[in-house]
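Chemist: First the structure, then my questions, so here it is.
The values are calculated or read from the model by the stated rules, or taken from the named source; none is laboratory data. What you see is a predicted model, and the numbers here were worked out from it, not measured in a lab. Quick reminder, even Gly has a Cβ in these numbers, built from the backbone with ideal geometry, and neighbours come from all protein chains shown. For accessibility, only protein heavy atoms count, side chains too; no ligands or nucleic acids. Shrake-Rupley method; radii C 1.70, N 1.55, O 1.52, S 1.80 Å.
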Amino acid sequence: MWNFSPRSEKKERVDTTSLSLFNTIPYTMSFQRSSARALRAATKAAAQPTSQHVAKRSISMLSRTAPRVTMNTRATGVRGIKTLDFAGTKETVYERGDWPLDKLQEYFKNDTLAMIGYGSQGHGQSLNARDNGLKVIVGVRKGGESWKQAQEDGWVPGETLFDIPEAINKGTIIMNLLSDAAQSSTWPEIAPLITKGKTLYFAHGFSVVYKEDTKVVPPKDVDVILVAPKGSGRTVRTLYLEGRGINSSIAVYQDVTGKAKEKAVALGIAVGSGYLYETTFEKEVYSDLYGERGVLMGGIQGMFLAQYEVLRKNGHTPSEAFNETVEEATQSLFPLIGKYGMDYMYNACSTTARRGALDWAPKFKEANLPVFEALYKSVRDGSETRRSLDFNSRKTYRQDLQKELDEIDNQEIWRAGKTVRGLRPDANKDEL
Ligand SMILES: NC(=O)c1ccc[n+]([C@@H]2O[C@H](COP(=O)([O-])OP(=O)(O)OC[C@H]3O[C@@H](n4cnc5c(N)ncnc54)[C@H](OP(=O)(O)O)[C@@H]3O)[C@@H](O)[C@H]2O)c1
């Protein structure tokens, strides 16, 4: 599901509904370099103008070598802050209508956004902020993959690209977009550089909320804020280029200036969000770790495997088992749930399907509830964090991860899936 082939990236460009629903990289999952490279290429490709692009504006303020990109309207819109009724609970939502480009640029006119790290989020957020006309620099370790990638995207060593300490020294808003494990391991060197007057920004509540494990304790005299895009940094970039914008959560951990929330909202828009929900660092990280281990990834893989296995044990062919488990779900039903909701699905299916689904849904809920309870507890008490930090800090991390990913790739269900996907009329027949 997360194996991005050039073909699927091409699809991402045209089918943005399926992009946001199914092609989003899991939050704390560090994807493989080859996939990252392929995604970069896709993002660049998506930046090419289409006939739908109406309000064109050339960009690339600070970079000399960055490709000039044209795009739809961004950081503009007609709606602003609003209180919305979410099924009986009122919540405040911030939209970019309140932050037109000139206001955004004026607000940050004395700031330098230092993006520390150039993975999925560093790439998307820095390019979006740069294209919004803000002063952005990137800080990564010299000689690493990110250093190379940043240059390919037009960041210039000594001008807009620096090693991490230098970028922090030059920046006023320090955006810590290193991997969560690296945020912890580099903190002893980074912390003394976050001096009074700077703002410390995260894209996840992880490091600060689990400070007993990560040892990331922000200095007392700086604002500490969060903008957590609800999707991959690649999606942050492609949705921005399409003039749409991802939804993100914002939160304030420490407000020294009295302006922390306003800054978080403005930065959320600056890095390419279309709208923002307010939360806390704790709620953001708990819900995020829980969701990706549950329905978004771990849970769905478990359900797929269990259903497929029973079909195979009962003599169904791999194609039939795959089609009835994954293909129909991803190609037909899940997009409808995304677009219209589950009630619509119940109305749209046959009376036979409806009766069965109505009867079995409560049984699945009952069977799953204890697993979800255990999962939430494991997130809350830090077990998931410790597991993630331990695993992702291993020297053999990349090889160990690859071994597990290869196992998934070799599962019969996903091997059958490759053949099924190859039969789709729009498929690249090479996959067969
Ligand atoms: N990915 C998502 O979907 C997503 C969504 C929302 C929020 N977030 C949050 O955004 C933050 C960044 O995540 P990400 O996925 O963009 O990044 P990532 O791929 O996890 O991290 C990549 C960056 O960390 C650097 N790095 C790793 N180990 C390092 C070390 N020991 N010293 C210095 N640099 C090191 C890498 O540099 P090198 O290339 O030099 O190794 C690279 O620039 C995290 O807090 C994450 O939870 C992620």
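Chemist: Of the conditions (1) of a type in the set (Asp, Glu); (2) over 15 Å from Tyr253 (Cβ atoms); (3) buried (at least 19 other Cβ atoms within 10 Å of the Cβ), Asp223 clears all except one; give me its number.
Modeler: The number of the failed condition is (2).
Chemist: Please work out which one of (1) modelled with pLDDT of 95 or more; (2) within 21 Å of Val379 (Cα to Cα); (3) within 14 Å of the ligand (Cβ to nearest atom) is the condition Glu212 fails and give its number.
Modeler: (3)
Chemist: Moving to a separate point now. Just one of the numbered conditions (1) open to solvent by less than 20 Å² (accessible area, probe 1.4 Å); (2) within 13 Å of the ligand (Cβ to nearest atom); (3) within 30 Å of Arg386 (Cβ to Cβ); (4) outside any loop (DSSP other than H, G, I, E, B) is not true of Arg237; which one?
Modeler: With (1) open to solvent by less than 20 Å² (accessible area, probe 1.4 Å); (2) within 13 Å of the ligand (Cβ to nearest atom); (3) within 30 Å of Arg386 (Cβ to Cβ); (4) outside any loop (DSSP other than H, G, I, E, B) applied to Arg237, the lone miss is (3).
Chemist: Find the strands (runs of 3 or more DSSP E) located wholly in the range 87-206 whose residues include 1 or more that are polar (S, T, N, Q), and list them.
Modeler: Details: elements: 89-95, 113-116, 136-139, 173-176, 199-202.
The strands (runs of 3 or more DSSP E) meeting that bar are 89-95, 173-176, 199-202.
Chemist: May I ask you to list the residues in the range 189-205 that are in contact (Cβ under 8 Å) with a residue 24 or more places away in the chain and farther than 19 Å from Ile246 by Cβ?
Modeler: Going residue by residue through the range 189-205, those that are in contact (Cβ under 8 Å) with a residue 24 or more places away in the chain are 189-191, 193-205.
Selection gives Glu189, Ile190, Ala191, Leu193, Ile194, Thr195, Lys196, Gly197, Lys198, Thr199, Leu200.
Chemist: Scan Lys215, Lys261, Lys196, Lys283 and give me the residue that is of a type in the set (Lys, Arg), touching a strand residue (DSSP E or B) at 6+ places or on another chain (Cβ under 6 Å) and open to solvent by 10 Å² or more (accessible area, probe 1.4 Å).
Modeler: Numbers: Lys215 fails: touching a strand residue (DSSP E or B) at 6+ places or on another chain (Cβ under 6 Å); Lys196 fails: touching a strand residue (DSSP E or B) at 6+ places or on another chain (Cβ under 6 Å); Lys283 fails: touching a strand residue (DSSP E or B) at 6+ places or on another chain (Cβ under 6 Å).
Step by step, each of Lys215, Lys261, Lys196, Lys283 is checked, and only Lys261 is of a type in the set (Lys, Arg), touching a strand residue (DSSP E or B) at 6+ places or on another chain (Cβ under 6 Å) and open to solvent by 10 Å² or more (accessible area, probe 1.4 Å).
Chemist: Okay, next question. Among the residues of the range 287-310, are any open to solvent by 50 Å² or more (accessible area, probe 1.4 Å), within 16 Å of the ligand (Cβ to nearest atom) and under 30 Å from Asp255 (Cβ atoms)?
Modeler: Looking for residues that are open to solvent by 50 Å² or more (accessible area, probe 1.4 Å), within 16 Å of the ligand (Cβ to nearest atom) and under 30 Å from Asp255 (Cβ atoms), one finds at least one in the range 287-310, hence yes.
Chemist: Name the single residue, out of those in the range 95-123 being of a type in the set (Gly, Ala, Ser) and more than 8 Å from the ligand (Cβ to nearest atom), that is farthest from the chain's Cα centre (by Cα). Quick ask: steps written out before the conclusion?
Modeler: First, the residues of the range 95-123 that are of a type in the set (Gly, Ala, Ser): 97, 114, 117, 119-120, 122.
From the residues that got through so far, the ones that are more than 8 Å from the ligand (Cβ to nearest atom) too are 97, 114.
Numbers: Gly97: 22, Ala114: 20 Å.
This residue is Gly97.
Chemist: What pairs come up if the first residue lies in the range 304-316 and is among the charged types (D, E, K, R), the second is assigned to a helix (DSSP H, G or I), and their beta carbons are under 8 Å apart, counting only those six or more places apart or on different chains?
Modeler: Note: pairs meeting the criteria are Arg312/Pro318; Arg312/Ala321; Arg312/Glu412.
Chemist: Can you confirm whether Gly272 is assigned by the TED database to the domain that holds Leu113, at positive phi and of a type in the set (Gly, Ala, Ser)? Outline the logic, then answer.
Modeler: Values: assigned by the TED database to the domain that holds Leu113: yes; at positive phi: yes; of a type in the set (Gly, Ala, Ser): yes.
So Gly272 fits the description; yes.
Chemist: Follow-up question, since we're still on this one. Would you please list the contacts, defined by Cβ atoms under 7 Å and residues six or more apart or on different chains, that run from a residue in the range 105-124 that is closer than 13 Å to Ala270 by Cα to a residue that is open to solvent by 10 Å² or more (accessible area, probe 1.4 Å) and at pLDDT below 95?
Modeler: none
Chemist: Those residues that are open to solvent by 30 Å² or more (accessible area, probe 1.4 Å), under 21 Å from Ser388 (Cβ atoms) and either more than 7 Å from the ligand (Cβ to nearest atom) or in the same structural domain as Phe391 (by the TED database) (or both), I need them from the range 178-190; list them, please.
Modeler: Matches in the range 178-190: Pro188 only.
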